[in-house]
Amino acid sequence: MSKSVYSIVLSDEVVRAVDVMAVRLGTNRSNLINQILAERVSVMTPEKRMRDIFESIFALMDDSFIKDAAAPGSALSMRSSIAYKYKPTVRYSVELTKAPEGERIGNLRISFRTRSQAFMEMLGIFYRLWIMNERQYTQRRIEYKAESDRLTRGIYFPAGRKTADTQLIGELISEYIKAFDKALKAFFAYADDIELASAKVAEFYRLGLKNGISDI
């Protein structure tokens, strides 16, 4: 969406109120005014598109997910707890781009705050199992970056498309996160039996396929 410079006259009181709101929302004056006007005249801006997707995602999550209110406007962050020893917390951050490049529209970042070497080693096994299942059942090329306590996965338009409505994108991302979260929790629930834990990861991935997780 192209932008140009325009000269408009606003009252000082309005500008002060806009500036306060812009700081609270983590944006700037021009961007906030653009968003307000776009909503008033029903123009879909990249910012509104992202908000609509984020709202769609979180509306479909269950009560085990807690939204992080401190996330920037271009991201949705939420966390969930794992019933494993000291109950570590996993954070899911959906980061979307304003101008998608080809089919890719952003990233899903999954991260933990932990100093437990044993936990991170188990986490590495889970990441490998999840990626292995995804590559087995998904034809498209997906980019991953796996680190000791973090996994980053590309997010894409539904397979074979370069556009999609915000509701569909939100539904597919939410289904992917839920499938990942269920597989993660099942893996650690059966961590003492790695063969059974591996089977649970495959089981929850296949269940997620029925809800379209391979499309995103």
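The values are calculated or read from the model by the stated rules, or taken from the named source; none is laboratory data. Given the structure is predicted, the values throughout are model-derived calculations rather than measurements. No Cβ is skipped: glycine too gets one built from the backbone with ideal geometry, and neighbour counts run over all protein chains shown.
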Among the numbered criteria (1) more than 19 Å from Phe157 (Cα to Cα); (2) within 12 Å of the chain's Cα centre (by Cα), which single criterion is violated by Ser74?
(1)
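Taking Tyr84, is it touching a residue at least 60 places away in the same chain (Cβ under 8 Å), among the hydroxyl-bearing types (Ser, Thr, Tyr) and assigned by TED's automatic domain parsing to the domain that holds Glu175?
Numbers: touching a residue at least 60 places away in the same chain (Cβ under 8 Å): yes; among the hydroxyl-bearing types (Ser, Thr, Tyr): yes; assigned by TED's automatic domain parsing to the domain that holds Glu175: yes.
Considered against the rule, which asks whether it is touching a residue at least 60 places away in the same chain (Cβ under 8 Å), among the hydroxyl-bearing types (Ser, Thr, Tyr) and assigned by TED's automatic domain parsing to the domain that holds Glu175, Tyr84 comes out as yes.
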Given the conditions (1) under 15 Å from Pro88 (Cβ atoms); (2) basic (Lys, Arg); (3) surrounded by fewer than 16 Cβ atoms within 10 Å (Cβ to Cβ), which single one is not true for Arg135?
(1)
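Residues are listed down the side, and each one gets a yes or a no for (1) more than 18 Å from Arg79 (Cα to Cα); (2) free of Cβ contacts under 8 Å to residues at least 40 places away in the same chain:
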{"site": "Gly106", "(1), (2)": "yes, no"}
{"site": "Arg113", "(1), (2)": "no, yes"}
{"site": "Ala118", "(1), (2)": "yes, yes"}
{"site": "Trp130", "(1), (2)": "yes, no"}
{"site": "Arg135", "(1), (2)": "yes, yes"}
{"site": "Glu147", "(1), (2)": "yes, yes"}
{"site": "Phe188", "(1), (2)": "no, no"}
{"site": "Leu207", "(1), (2)": "yes, yes"}
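Considering only strands (runs of 3 or more DSSP E) fully contained in the stretch 47-120, which possess at least 2 residues that are surrounded by fewer than 14 Cβ atoms within 10 Å (Cβ to Cβ)?
Values: elements: 75-81, 89-101, 104-112.
Hits in the stretch 47-120: 89-101.
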Checking the condition free of Cβ contacts under 8 Å to residues at least 60 places away in the same chain and under 21 Å from Ile57 (Cα atoms), which residue from Leu184, Leu172 passes?
Leu172
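Would you please name the residue that is modelled with the highest pLDDT, looking only at residues in the stretch 1-30 that are buried (at least 16 other Cβ atoms within 10 Å of the Cβ) and under 27 Å from the mean Cα position of the chain (by Cα)?
Let us first name the residues in the stretch 1-30 that are buried (at least 16 other Cβ atoms within 10 Å of the Cβ), namely 18, 22, 27.
Then keep just the ones that are under 27 Å from the mean Cα position of the chain (by Cα); that gives 22, 27.
Details: Ala22: 85, Thr27: 80.
Filtering first and then ranking leaves Ala22.
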What is the residue count in the stretch 157-188 for residues that are surrounded by 15 or more Cβ atoms within 10 Å (Cβ to Cβ) and part of a helix (DSSP H, G or I)?
22
Answer with yes or no whether Ile142 is modelled with pLDDT of 90 or more and not in a loop (DSSP other than H, G, I, E, B).
no
